[in-house]
1. If residue 34 satisfies all but one of (1) modelled with pLDDT of 90 or more; (2) closer than 17 Å to residue 71 by Cβ; (3) in a loop (DSSP other than H, G, I, E, B), what's the number of the condition it fails?
2. Quick one: in the stretch 38-57, which of the residues that are closer than 20 Å to residue 85 by Cα and surrounded by 10 or more Cβ atoms within 10 Å (Cβ to Cβ) is farthest from the chain's Cα centre (by Cα)?
3. Residues 131, 62: which one is exposed (fewer than 12 other Cβ atoms within 10 Å of the Cβ), touching a helix residue (DSSP H, G or I) at 6+ places or on another chain (Cβ under 9 Å) and modelled with pLDDT under 85?
4. Pairs please, first residue from the stretch 38-51 and under 24 Å from residue 75 (Cα atoms) and assigned by TED's automatic domain parsing to the domain that holds residue 73, second anywhere and modelled with pLDDT under 80 and assigned to a loop (DSSP other than H, G, I, E, B), Cβ atoms under 6 Å, 6+ apart in sequence or on different chains.
5. Only one of 84, 89, 15 is closer than 30 Å to residue 138 by Cβ, within 11 Å of the chain's Cα centre (by Cα) and outside any strand (DSSP E or B). Can you tell me which?
6. If we keep just the residues of the stretch 26-35 that are closer than 20 Å to residue 86 by Cβ and in contact (Cβ under 8 Å) with a residue 24 or more places away in the chain, which is surrounded by the fewest Cβ atoms within 10 Å (Cβ to Cβ)?
């Protein structure tokens, strides 16, 4: 059963979104499933959304935007595309010239960073006032997904249906 997110809880979510530099979110937020948050911009009322979801038996109102962890949010692929102009922080750019690494990323594999890369990345992040954790991945100027940077490894959160085989 969906649950609408209102002022107090939305403020908490907005604080978490500041991690990515996102200052505003013009959507009705709906909590659905296990820690998933969807955004809705249509003209249906809350009661109409609930009735529609009861009749259909699935979570269908709105677009899946992010997974809500206790300490942070992980943006979905659709949220990255939808909010690309608002995302200004915690962006990790992969070297587009490293074809092996790019192929591995788009295949959904985690990236084991070379000995030099973690130090280089750590310096870039410190210069921007950021640290390890969830990162929006950028390749050749495009935001392409989410990863989690941790101890020389970049964990890939590309959904299976969006990976290249």
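1. Against the list (1) modelled with pLDDT of 90 or more; (2) closer than 17 Å to residue 71 by Cβ; (3) in a loop (DSSP other than H, G, I, E, B), residue 34 comes up short only on (1).
2. Ranking the candidates gives 40 first.
3. Matching residue, one of 131, 62: 131.
4. Every condition considered, the pairs that remain are 40/61; 49/61.
5. After applying the criteria, what remains is 84.
6. Taking the candidates together, the pick is 27.
The values are calculated or read from the model by the stated rules, or taken from the named source; none is laboratory data. Since the structure is predicted, the reported quantities are computational estimates derived from the model, not experimental observations. Note that we place each Cβ from the backbone using ideal geometry, even for glycine, and neighbour counts take in every protein chain shown.
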